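S.K.: Okay, handing you the structure first.
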Amino acid sequence: MRDFANIAARRLLLLLLTVAAVAVLSTLLVRLAPGFGMDERQLDLRLTGRSVAAIRARAAPDTWRCLTGWLRGDWGSSISLRQPVRELVSERAGITLRTLAAGLAIAWAASALLCLAGLWVHRTALDCALTLAAGGLLCLPAAVVAVLAMYFEAGPAWALALVLFPRVMRYARGILTAGWRRPHVLAARSRGVGPGALALRHVCLPAAPELLALAGISVSLAAGAVVPVEALCDSAGIGQLVWQAALARDLPVLVPLTMLAAAVTCAANLCADAGRVLVCRWV
Amino acid sequence: MRRVARIALLAIFGLMLAAEWIAPYPYDRQFRDQAHAAPSRGHLLGTDAIGRDRFARLLYGGRISLVLAPAAALVSVALALAIAVSATLAGGLWERAAMIAVDLVLALPWIFLLLAVRAILPLNTSPAVSAGVIFALLGSLGWAAPARILAAAVKSQLRSDYVLAARAAGCALPRLALVHVIPNLAPVTVAQFWVTAPVFLLSEANLSLLGLGIAEPMPSWGNLLRDLQNLPSLARQPWVAAPLVLLIVTLSCCHAAQPSVEDLR
């Protein structure tokens, strides 16, 4: 139990540190950006000094107040869309979560099925086909995969799955192949254990800690790939919002979204680590 | 297979470096009366929407991608090597701090940061500066994964007999690092370079396809891929896919040409 608490505490600390680092970096970026603290209304001679000061304070908010505002949940307002960032995120989060969940599920299901089929059938042709498919997809930029998915009307979840599949499969294949070659699997096969029980009980279960670590990493990969996928598949999620904000140089939107993405990837790795420790005890 | 991949890679690299002699026109010369032209003797891969020669842009674009991505990978791996060696040899607090920094950088969402940094560049940033900034960013953000692997390799070297003998003979830490540790890290370092360079090529392509990479009129393989956004026209103009084909061939060669650790020993 102490191991579990140690890992959880370390990961939580890392999560907090990451979010803090992103917050500091993002604040620096906002301050360094051209045009920071400037508002054309400051040049309006009809305005009183008090009004100009108020406009200036709004255009160049105090850094400390910004940082504490993010902690309180006040994420500021989008310059280009003229809407509170929190509202924008809550409108789009559902779409992105659905895309991420579906993409990850398809990629993992396809990888697991093909890897286990490859191990069970053990045909050179299937091995070569899997290697070629994964290698070919690895050479395609995520944005090109998204364009292809858009053309074939496959939707963002399939595009994300195609981006994740070769990466997940490459590592999962290595892990499962190593598990398949263990002596206890050979013993189980010689005793006539069926393919389902063999795959689940004797190969996947002992490999669960490594597979869980891979699951954590695959969430980070998916969070990165969701930006080109949603932008090019015209899916109104957070990825598309990030892209639009970058094109419009809307830093008040980019900053909290970067923090959110960092928090999500850290949380996914935290869950994967916690799960790994629990599974290690159980297995 | 590895030899074929290396020869192909060298040929592509040589072709791109010789762009000035091979390309029939400068990459930004416009033939306004020949926009969207099909391949011909004058324009081997036709022309784009504003009449620029696609073949010339492919060669010059390849030069930018193929020179800057390995350069960024070199920066990343050099940073990783410096951090891994100094942190592991110094040990204690510095090592712990370096490993926390590695975890931190690995947890950062790269693409979000790249987009944020790209967004703060002034609108009048020149194409050359935008290209430099993109690859400098990639180089400075990509050190964490190689650093973790190199730190593990340094740790295993510190347990080896020759390092123990050198330390027992009173070898100072800088000399130990320069003479005994770093030369023996060459296989892992070279392998990390081969893994990192294709990742940077892909990252640049993704950013440029989103319109946030290298600014026009400077070509790169990434921004040449933007023509693929009009996929229905690809059936009528298959030559538009030439940058994608070349990118896939180059990346496949990079993967196939990666030397194994045994090769480097």
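The values are calculated or read from the model by the stated rules, or taken from the named source; none is laboratory data. Owing to the predicted nature of the structure, the values given are computational and were not obtained by experimental measurement. For neighbour counting, all protein chains shown are included, and Cβ atoms are generated from backbone atoms with ideal geometry for every residue, glycine included.
S.K.: In the set B:126, B:156, B:140, which member is hydroxyl-bearing (Ser, Thr, Tyr), in contact with a Ser or Thr (Cβ under 8 Å, 6 or more places away or on another chain) and surrounded by fewer than 20 Cβ atoms within 10 Å (Cβ to Cβ)?
M.R.: Numbers: B:126 fails: in contact with a Ser or Thr (Cβ under 8 Å, 6 or more places away or on another chain); B:156 fails: in contact with a Ser or Thr (Cβ under 8 Å, 6 or more places away or on another chain).
When all the criteria are applied, what remains is B:140.
S.K.: Give A:211, A:176, A:164, A:200 a once-over and let me know the one that is free of Cβ contacts under 8 Å to residues at least 60 places away in the same chain and crowded, with 18+ Cβ neighbours inside 10 Å.
M.R.: A:211
S.K.: Looking at B:137, B:93, which is the one that is assigned to a helix (DSSP H, G or I) and either among the polar types (S, T, N, Q) or more than 14 Å from chain A (Cβ to nearest Cβ) (or both)?
M.R.: Only one candidate qualifies: B:93.
S.K.: Further question: Residue A:38 passes all but one of (1) within 14 Å of chain B (Cβ to nearest Cβ); (2) at pLDDT below 80; (3) closer than 16 Å to residue A:260 by Cβ; which number fails?
M.R.: (3)
S.K.: Across segment A:223-238, which residue is farthest from residue A:155 (Cα to Cα) among those that are away from chain B (no Cβ under 11 Å) and hydrophobic (A, V, I, L, M, F, W, C)?
M.R.: Ranking the candidates gives A:236 first.
S.K.: Conditions: (1) more than 14 Å from every other protein chain (Cβ to nearest Cβ); (2) under 28 Å from residue A:243 (Cβ atoms); (3) out of contact with any strand residue (DSSP E or B) (no Cβ under 9 Å at 6 or more places or on another chain); (4) surrounded by fewer than 23 Cβ atoms within 10 Å (Cβ to Cβ). Residue B:50 meets all but one. Number of the miss?
M.R.: Of everything listed in (1) more than 14 Å from every other protein chain (Cβ to nearest Cβ); (2) under 28 Å from residue A:243 (Cβ atoms); (3) out of contact with any strand residue (DSSP E or B) (no Cβ under 9 Å at 6 or more places or on another chain); (4) surrounded by fewer than 23 Cβ atoms within 10 Å (Cβ to Cβ), residue B:50 misses just condition (3).
S.K.: Next question, about the same structure. One residue is enough: does segment B:183-193 have a residue meeting the conditions crowded, with 22+ Cβ neighbours inside 10 Å and of a type outside the set (Val, Ile, Thr)?
M.R.: yes
S.K.: Being outside any loop (DSSP other than H, G, I, E, B) and either surrounded by fewer than 17 Cβ atoms within 10 Å (Cβ to Cβ) or modelled with pLDDT under 90 (or both) narrows it down to one of B:115, B:150, so name that one.
M.R.: Going through B:115, B:150 in turn, the sole match is B:115.
S.K.: Could I ask something else about it? In segment A:239-252, how many are more than 10 Å from every other protein chain (Cβ to nearest Cβ) and either crowded, with 24+ Cβ neighbours inside 10 Å or in a loop (DSSP other than H, G, I, E, B) (or both)? Break it down into steps so the answer makes sense when it comes.
M.R.: Narrowing segment A:239-252 to residues more than 10 Å from every other protein chain (Cβ to nearest Cβ): A:240-241, A:244, A:252.
Of the ones still in play, those that are also either crowded, with 24+ Cβ neighbours inside 10 Å or in a loop (DSSP other than H, G, I, E, B) (or both) are A:241.
So the count comes out to 1.
S.K.: Let me confirm something: among B:106, B:66, which residue is within 14 Å of chain A (Cβ to nearest Cβ) and crowded, with 16+ Cβ neighbours inside 10 Å?
M.R.: On inspection, the qualifying residue turns out to be B:106.
So that you can scan it fast, the table gives a plain yes or no per residue for (1) over 25 Å from residue B:208 (Cβ atoms); (2) at pLDDT below 85:
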position	(1), (2)
A:82	yes, yes
A:94	yes, no
A:127	yes, yes
A:136	no, no
A:157	no, no
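S.K.: If you don't mind, another one. Going by the conditions given, is residue B:238 more than 16 Å from the chain's Cα centre (by Cα) and touching a residue at least 40 places away in the same chain (Cβ under 8 Å)?
M.R.: Judged against the criteria, residue B:238 is not a match.
S.K.: Give just the number: which of (1) in a helix (DSSP H, G or I); (2) of a type outside the set (A, V, I, L, M); (3) surrounded by fewer than 17 Cβ atoms within 10 Å (Cβ to Cβ) does residue B:41 not satisfy?
M.R.: (1)
S.K.: Now, a different point. Return the total of residues in segment A:138-177 being within 10 Å of chain B (Cβ to nearest Cβ), more than 15 Å from the chain's Cα centre (by Cα) and of a type outside the set (Val, Ile, Thr).
M.R.: Selection size over segment A:138-177: 10.
S.K.: Another question, then. Quick one: would you say residue A:162 is hydrophobic (A, V, I, L, M, F, W, C) and not in a helix (DSSP H, G or I)?
M.R.: Details: hydrophobic (A, V, I, L, M, F, W, C): yes; not in a helix (DSSP H, G or I): no.
So residue A:162 does not fit the description; no.
S.K.: Do any helices (runs of 4 or more DSSP H) lying entirely in segment B:177-265 carry at least 2 residues that are in contact with a Pro (Cβ under 8 Å, 6 or more places away or on another chain) and at pLDDT below 85, and which ones are they?
M.R.: Here the list reads B:261-264.
S.K.: Looking at residue B:27 and the list (1) surrounded by fewer than 18 Cβ atoms within 10 Å (Cβ to Cβ); (2) more than 14 Å from every other protein chain (Cβ to nearest Cβ); (3) part of a loop (DSSP other than H, G, I, E, B), which single condition is not satisfied?
M.R.: (1)
S.K.: Still on this structure, I have one more. Does any residue of segment B:74-87 turn out to be free of Cβ contacts under 8 Å to residues at least 24 places away in the same chain and assigned to a helix (DSSP H, G or I)?
M.R.: yes
S.K.: Something else now. Could you run through segment B:216-226 and say how many residues are farther than 18 Å from residue B:29 by Cβ and surrounded by 21 or more Cβ atoms within 10 Å (Cβ to Cβ)?
M.R.: Restricting attention to segment B:216-226, the residues satisfying the condition of being farther than 18 Å from residue B:29 by Cβ are B:221-222, B:225-226.
Next, from what is left, pick out any that are surrounded by 21 or more Cβ atoms within 10 Å (Cβ to Cβ): B:221-222, B:225.
Residues in segment B:216-226 being farther than 18 Å from residue B:29 by Cβ and surrounded by 21 or more Cβ atoms within 10 Å (Cβ to Cβ): 3 in total.
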